[in-house]
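A short reminder: the numbers here are calculations on the coordinates, not readings from a lab. A quick note: this is a predicted structure, and the numbers were derived from the prediction, not measured. Positions of Cβ are backbone-derived with ideal geometry, glycine not excepted, and every protein chain shown enters the neighbour counts.
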Amino acid sequence: MPQTAAKAALRVHQLRKTYKDVVAVDGLDLEVRPAECFGLLGPNGAGKTTTIEICEGLTAADSGEVEVLGLHWPSDAAALRQRLGIQLQETQLSEKLTVLETVRLFRSFFQQGPGALAVIGLVQLEEKAKSRVGNLSGGQKQRLALACALVGNPDFLFLDEPTTGLDPQARRQLWELIEQFKLAGRTILLTTHYMDEAERLCDRVAIMDHGKVIALGTPRELIASVCADHLVEFSAGAGPHALDLAALSAIEGIREVHRENGSVRMQVTELHRAVPALLAELGRQSVSLTELRTHSATLEDVFVTLTGRHLRDE
Amino acid sequence: MNSNHPLFQLTLVRFREFMREPEALFWVFIFPILLAAGLGIAFRNRPAEVLQIAAVTPQLAAPLRAEKLLDVRQLSPGDAEAALRNGKVALEAEPGPNGGVIYRFDDTNPEGRTARMLADRALQRAAGRQDPVASTDRLMREPGSRYIDFLIPGLLGMNLMGSAIWGMGFAIVDARRKKLIKRLVATPMPRHYYLLSFVLSRLLLLVVEVGVVLGFGALVFQVPVHGSLGGLALLCVLSSMCFCALGLLIASRAQTIEAASGLMNAVMLPMWIGSGVFFSAQRFPSAMQPVIKALPLTAVIDALRASMLQGATLAQLTPQVAILCGWLAICFALALKLFRWR
C-alpha cells in the first residue's frame, strides 16, 4: 500500500471528552504511523482508555477529529469495523463457551480472516481449544481476547492494557505474541501503565497525564531528553559523621543528588568514572555502604521527572 | 443459513449458554411439571365421600342403610354421643316423640349438614315420601372441566412469561455487566442480529417448553386440546414474542443483575396474582377488570384456555391477540429506543 504508507494510520486532532465534571481527554493530538507500535503510557485516570475507545468508535468525543486508516466514525463504521482488531480492558467472555466456540463466534462477524483454529494456534491456545473459557487462567483468557481481536486479520490492532493483572510469565508470553504481530506489519496502538511493557514493545510512546500528552518520542529519546543514562542509589549504615551530600554533587558526572526513603539517589552520566569516584568519596567520609544499586534510566524515571509522581501512585 | 453466518453463531451461543446452565433448565422444564403434578394431586377428583353416622336403634339404622353415601353404625346412646363428640361420626340419629326422629350434629360442620340432609331424605323416603319434582344428576367428571384442565393453560402462560422475561433479562444484563455487549459492538456484528439471536433461541426452546407442559398434562391428566394445534402454536409464539419484548425493555438499561431482577419481579408479580394462573381472574372486583384484562398474561391465559378447553379459533380470540400485538409493538419499539449498547 504505497499511498497509504505515507499517510498516518491514526490521526487525532484536538480531541476533547468530559464526563460530568471530569475532563477525561483535554485537547489531545496524536499521530500513529502505519506498521508502528505506538504506546499510550500513563497512570490510571490519565485518559488512556477514553482516548482508545474514541479511536475505536465506541465512545463519541465532545469535539475534535479522529481519522483511522483514512476513514471516520461514524460514517465509515461498517468498513472500519472490518479492518480493526479490538481488545477491551474489562471484557469477560462467556465462561460457558469453549475457546473454539468463542473464536468461531467472533470469526463469523468478519468477512475475511484466518480460520478459527488458525487464530487459536496464533495465540498458542491449541491445547485449550475445547476447554471452557471459565477454566482458563488469566493469561490464557487474555490470549483468547487477543485471538478474538485477530480473527478479522486486522490492519490496525487496539490493545487496552493487554497485560494488566497478569503474572510475569504470562506477561512475557503475551509480549512475545505482540512482537510477532509487529513483525507481521500490523499497526498497533496499546495503552499501558507498565513502563517496561512500553519500552519493550513500543516504537514510539506518548506519555499521558490528566488527558494530555506530556511527552512524545521513542523510549530512548524520552529517556535521553529528561535524565542522564544511569541512576545510582545507595544506602548507608550509621557513620561517625552526617553524610555530606554537597561533596557527592561535586563529583564529575553526578547530578541531582537527593535523599529518598532513607537512601540516596543520583543521576550519573558515565558509570565507569562516577562510581569509583563515589566510592572513594564515601570512603573519605567513613561511610559504610549497606546497599549500592545502579540501573539504566527508564520511562518511569521520565514520568517521575515530568510529574513528580510515580506511574502507579493512586 | 450456513454455519458461519453470524446470526446462526449467535443463536447457537445463546442455546449453548442456556443448555449449560443447570438452574435454568430446572426452572424452565422441571419446575412447571412439579407444580402441575403437585396441584393435580392436591385437587384430584375423589369419589364422593361416604359419611359415618350413628343410629341408636335398629329401627332407625335399617332405613338409613338404604342411603349409599352413609355408613351407619348402630351404637348405644352413650357410645353414640361419645363418637359424635370426638368426630368419629358426623351425626347421631335417635328416636323422638310421636315416632319422630332427632338428629344431633354440628351445623357449622359441612359434613354434619350433608349427613343431616342425606339421613332425613333416607328416612322420609323409607316412610313413603314421594318427591313431586323428578330430578336427574349429571356428574361433571369428564376431562375439560376439572381444576387440572383450568390449571395447565395457566401454568403454560406463566411459564411462557417467566422463561421469556428471565431468559432475555438475565442474559442481556449479564452480558452488559461483563462488558461483553460492548465487545460485540466493537466487531462488525450487525446489532439487530444480537437481539434477533435471543428471539430465535427462545423460539427453539419454546417448542420444548410448551411440549413438556402440554405433553405432561395430556399424558398424566388427559388434559384435552380441543382447538387446532396450529392455532395453539401460533398463540404460544405470539405470547413468547410479546414477553420477549417486555424482557428486552426491562433489560434495556439495567446495569446490574440486582436492578434487573427487581424490575422483572415488579413487572411479573401483578400478573402472577391478577392474571388468573391458579384461579379465575373474574374473582377480582369489576372495577379492576379493565386493568386485569389489559395485562399480557391475562390475554395469554384467556386465549390458551379458550383454545385448549373450548376449541376457540384464532378469529374468536381477536381481542386477546390484539392486546398481545399491542404490547409487543410498544415494548419492542421502546426497548430499541432505550437499549444501552455498553
Mind putting a number on the dipole of the stretch B:110-193 about its Cα centre? Charges go on the C-beta only, +1 for Lys and Arg and -1 for Asp and Glu, and I need it in Debye to the nearest 20. 780
Treating every alpha carbon of chain A as one equal point scatterer without solvent, the Debye formula yields log10 I(q)/I(0) values at q = 0.08, 0.11, 0.12, 0.13 Å⁻¹ of -0.46, -0.76, -0.86, -0.95
Report, to two decimal places, the Cα Rg of the stretch B:51-126 normalised by 2.2 N^0.38 Å (N = number of residues). 0.96
To the nearest 10 degrees, how steep is helix A:138-150 against the longest Cα principal axis of chain A, on a 0 to 90 scale? 50
Under the Karplus relation 6.51 cos²θ - 1.76 cosθ + 1.60, θ = phi - 60°, what is the ordered set of whole-Hz ³J(HN,Hα) values for the stretch A:151-163, x standing for Gly and Pro? 4, x, 6, x, 7, 9, 10, 10, 10, 9, 6, x, 10
Given charges at Cβ of Lys, Arg, Asp, Glu: the protein assembly as shown dipole, positive-most of B:VAL28, B:THR256, A:VAL119: B:VAL28
Can I get the semi-axes of the stretch B:1-117's equivalent ellipsoid? Compute them from the C-alpha gyration tensor as square roots of 5 times the eigenvalues, in angstrom, largest first. 65, 13, 10
Degrees, to the nearest 10: B:296-310 long Cα axis against longest axis of chain B: 60
Would you please calculate the Kirkwood hydrodynamic radius of the stretch B:50-194 over all C-alpha pairs and express it in Å, rounded to one decimal? 20.9
Place a +1 charge on the Cβ of each Lys and Arg in the protein assembly as shown and a -1 charge on the Cβ of each Asp and Glu, then give the dipole magnitude about the Cα centre in debye, rounded to the nearest 20. 2220
Can you list the HN-Hα couplings for the stretch A:242-250, worked out from phi with the Karplus curve (6.51, -1.76, 1.60; θ = phi - 60°), rounded to whole Hz and with x for Gly and Pro? 5, 5, 9, 5, 4, 5, 5, 4, 6
Filter on A:LYS17/B:LYS182; A:LYS130/B:LYS179; A:LYS182/B:LYS178; A:LYS182/B:LYS179; A:LYS7/A:LYS212; A:LYS96/B:LYS182 - keep pairs with C-alpha separation over 21 Å: A:LYS130/B:LYS179; A:LYS182/B:LYS178; A:LYS182/B:LYS179; A:LYS7/A:LYS212
Phi to ³J(HN,Hα) by Karplus 6.51 cos²θ - 1.76 cosθ + 1.60 over the stretch B:74-86, Hz, x for Gly, Pro: 9, 10, 5, x, x, 5, 4, 5, 5, 4, 5, 5, 9
The stretch A:228-296: proportion of alpha-carbon pairs further apart than 13 angstrom, %: 61
Paired Rg and Dmax values of chain B, which use every Cα atom, in angstrom: 29.0, 100
Neighbour counts of other C-beta atoms within 10 Å: give me A:THR163, B:THR313, A:THR51 arranged from fewest to most. B:THR313, A:THR163, A:THR51
By count of other Cβ within 10 Å, fewest leading, how are A:THR290, B:THR114 ordered? A:THR290, B:THR114
Once you charge only the Cβ atoms, +1 for Lys and Arg and -1 for Asp and Glu, what is the size of the charge dipole of the stretch B:165-235 about its Cα centre, to the nearest 20 debye? 660
Name the residue farthest towards the positive end of the dipole of the protein assembly as shown from the options A:GLY57, B:GLY215, B:ILE292, assuming +1 on Cβ of Lys and Arg, -1 on Cβ of Asp and Glu, about the Cα centre. B:GLY215
Ranked list, fewest to most other Cβ atoms within 10 Å of each Cβ, for B:PHE339, B:PHE278: B:PHE278, B:PHE339
Taking chain A as the reference, fit the longest principal axis to its C-alpha atoms, fit the long axis of helix A:271-284 to the helix C-alpha atoms, and give the angle between the two in degrees, 0 to 90, nearest 10. 40
